[in-house]
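Notes follow once the structure below has been shown.
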Amino acid sequence: MDKLLISGGTPLSGDLRVSGAKNAALPILAGALLSEGAVTIGNVPHLHDITTTMELLGRMGVHLVVDEKLNIEVDASTIKSFYAPYEMVKTMRASILVLGPLVARFGRAEVSLPGGCAIGTRPVNLHLQGLAAMGADISVRNGYIHATAKRLKGCRLVLDQITVTGTENLMMAAALAEGTTIIENAAREPEVVDLADFLNEMGAKVYGAGTDILEIEGVQALSGKGLHYNILPDRIESGTYLVAAAMTGGRIRLKNTRPDLLDAVLIKLREAGAHIDCGENWIELDMRGQRPKSVSLRTAPYPAFPTDMQAQFTAMNCIAEGTATITETVFENRFMHVQEMQRMGANIKLESNTAIVTGVSRLTGAPVMATDLRASASLVLAGLVAEGQTIVERIYHIDRGYECIEEKLSQLGAEIKRIPS
Ligand code: EPU
C-alpha cells in the first residue's frame with residue numbers, strides 16, 4: 001500500500017485548479033442509467049471512487065467511453081445485469097446510488113446492502129422506505145436488497161433524517177415515476193442540486209433543489225442524447241487546500257471553484273485570521289505568515305458546517321492559538337484522526353461527540369494512518385506543519401477522494417512524496 005512522506009514546515013504558496021466534485025460525480029454517473037441515449041459527463045475527477053463506479057456500471061453491461069480529458073460517455077442501452085455485488089459495494093458505499101435508477105427504469109435491482117463503515121453505522125433505511133412508499137417491492141435476503149416494481153408511483157415522502165444519497169436515490173427514482181413525488185426534509189447539498197440540474201437537462205421535472213422540499217413530476221422517459229454535462233467543482237477539496245494554506249501561514253489562490261458553496265467554511269477561516277478574497281470562480285486566502293486562531297464549530301447538513309471538513313479543522317486547531325470545541329452531529333464515529341493527532345503531540349480531549357482542542361505551538365512528525373478519507377487528509381495537513389517527517393499510511397483512502405494530492409501540494413511548495421508499496 002502506498003504511503004505519503006511529508007516533511008513539515010513550508011508555508012504553502014501558489015495557484016491551484018480545483019477538480020470536479022466526487023460526491024456530485026458519483027450520483028450523476030448513476031443517474032446516467034436513466035438516460036435512453038448516450039450522455040457525456042465532463043469535469044470528472046480522477047479518483048478511485050470514479051473508477052469503482054465505472055467498473056460497477058461496466059459489469060452491468062453499460063457501455064462507457066473515456067477520452068483523454070476523462071470525459072465519460074455513458075450508454076445504458078446495452079445494460080444486461082441489474083446487480084451490484086458485495087465486493088464492490090463494500091469498497092464504495094455510494095454504489096447504493098444505482099438502486100433508485102435501476103428500479104425506476106428497468107423495474108428491478110439486486111444491490112448488496114452496505115455494511116457499517118469506519119465513520120458510523122450509516123444505514124440506508126430511508127432509501128428503502130422511500131422506494132417502498134413509491135410502490136417498489138423490497139426485501140433484504142442474504143445481505144442483498146432485492147427490489148422490483150412495474151412503474152413506481154409518485155407520493156409524498158417525509159424523510160425523518162436529512163440524507164444526501166437518500167435524497168439523491170429517491171429523486172432519481174421519482175424522475176421516472178407515475179405522477180408527482182414530494183420529498184420533504186430533503187438534503188440541500190450543492191451535489192443534490194447538481195444531480196437535479198443534470199436530470200432536468202435530460203428532460204426530468206425536478207423543482208426545488210437546494211431547498212428542503214423537492215417536487216418531482218415523473219416523466220415517461222429521460223434522454224441525455226447529445227448532452228455534455230460538467231460536474232460542479234469540489235467544495236470539500238477546495239476547503240481542504242484552504243485549510244492547508246491557513247495552517248501553514250501561507251497564501252493560495254484556488255481556480256475553478258465555487259466560493260458561494262463554501263460560506264460556512266470561509267466564515268470559520270476568516271475567524272481563524274485568514275484574509276480571503278473571492279470572485280465568481282476563484283478564492284484567494286492569505287494568512288500573512290500568522291498562526292491561526294482557534295475556531296469552534298458544529299457540523300450539520302448544508303448550508304451549515306460540513307462534516308466532510310471537520311477533520312481538517314481539527315488539524316488546524318491542533319496548532320492554533322487558543323482552545324476550540326468541535327462537535328460532530330452527522331456521524332457517530334468521525335473522530336478517528338484524534339488519536340493519531342495525539343501521537344503527533346496534539347492536545348485533544350474527546351467528550352462524547354465533542355473534541356476539545358487546545359492548540360500547541362508545534363506538532364512532531366510520526367507514522368500515522370486513518371481509516372477514512374477525510375481523516376486521512378487531515379493527517380496530511382497535520383504533517384505539513386509538523387516538525388520532522390510524517391508518514392501517512394493507507395493512503396488508498398485519500399486516493400478515493402483527492403485527485404493527485406501529493407502533486408497538488410508539491411505544486412504549492414510542500415515537501416511531500418508518494419512511496420509506492
Ligand atoms: N442515515 C440514516 N438512514 C438513512 C440514510 C442516512 O439514518 O437511510 C443517517 C446516517 O447514518 C448519517 C446521516 O443520516 O448519520 C447522514 O448521512 P447521509 O445519508 O447524508 O450520508 P451519505 O449520503 O451516506 C454523503 C456523502 C458523505 C458525506 C455525507 C454527509 C456521498 C457519496 N457521500 O454520504 O461524504 O459525509 O453525505 O454530508 O455523497 C466523504 O466524501 O468523505 C463522505 C463521507
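The numbers here are math on the coordinates, done by the rules we state, and not lab data. These figures come from a predicted structure and were not determined experimentally. Ideal geometry is used to build each Cβ from the backbone, glycine not excepted, and the neighbour counts take in all protein chains shown.
Among DSSP beta bridges whose residues both lie in the chain, state the antiparallel percentage, nearest 5. List each step's numbers first, then the result.
Working: 55 of 79 bridges.
The answer is about 70 percent antiparallel.
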Legend entry - Rounded to whole Å, sorted largest first: equivalent-ellipsoid semi-axes of the range 256-377, Cα gyration tensor: 23, 18, 13
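Can you tell me the order of 112-121, 249-258, 22-31 when each peptide is scored by its average per-residue count of other Cβ atoms within 10 angstrom, highest first?
Values: 112-121: 15.4, 249-258: 20.4, 22-31: 27.4.
The peptides rank, most packed first, as 22-31, 249-258, 112-121.
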Legend entry - Extension reserve of the MET1-ARG298 stretch, reckoned as 0.36 nm per residue once the Cα distance is removed: 103.5 nm
Legend entry - Distance from the range 284-336 to the range 165-214 (C-alpha centre basis), Å: 30
Inset, instruction - Take the alpha carbon atoms of the range 73-87, find their center, do the same for the range 358-386, and report the distance between the two centers in whole angstrom. - result: 39
Inset, instruction - Compute the distance in nm between two label points, each set 7 Å from the Cα along the Cα-to-Cβ direction, one at ARG418 and one at HIS46. - result: 0.9
Legend entry - Rounded to whole Hz, the Karplus (6.51, -1.76, 1.60) HN-Hα couplings of the range 297-304, x for glycine and proline: 7, 9, 7, 6, x, 3, x, 6
Legend entry - Dimensionless Rg ratio for the range 1-120, taking C-alpha atoms and the 2.2 N^0.38 Å reference: 1.24
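Can you give me the relative contact order of the range 265-421 as a percent, contacts being Cα pairs under 8 Å and 6 or more apart? Numbers along the way, then the final one.
Numbers: 282 pairs, mean separation 26.4, N = 157.
With pairs under 8 Å counted, the relative contact order is 17 percent.
Kindly work out what percent of the DSSP beta bridges joining two residues of the range 314-403 are antiparallel, to the nearest 5. Write down the numbers at each step before the final one.
Values: 10 of 14 bridges.
Bridges in the range 314-403 that DSSP calls antiparallel: roughly 70 percent.
Nearest 5 is fine: what % of DSSP beta bridges in the range 252-331 come out antiparallel, could you say? Walk me through the intermediate numbers first.
On the way: 8 of 12 bridges.
In the range 252-331, DSSP labels about 65 percent of beta bridges as antiparallel.
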Legend entry - Within the range 1-105, GluC sites (Glu not before Pro) in DSSP loop having at most 15 other beta-carbon neighbours inside 10 Å: GLU68
Legend entry - LYS90 paired with ASN333, simple spin-label distance in nm, labels 7 Å along Cα-to-beta-carbon: 1.6
Legend entry - Relative contact order, percent, the chain [alpha-carbon distance under 8 Å, six or more residues apart]: 22
Legend entry - Backbone N under 15 Å from the VAL66 label point (7 Å along Cα→Cβ), restricted to the range 393-421: 399-404
Inset, instruction - Using label points projected 7 Å from each Cα along Cα→Cβ, tell me how many nm separate GLU321 and ARG288, to one decimal. - result: 1.2
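What is the ratio of the Cα radius of gyration of the chain to 2.2 N^0.38 Å, with N the residue count, to two decimals?
0.98
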Legend entry - Angle between the chain longest axis and helix 235-247 axis [Cα atoms, degrees, rounded to 10]: 0
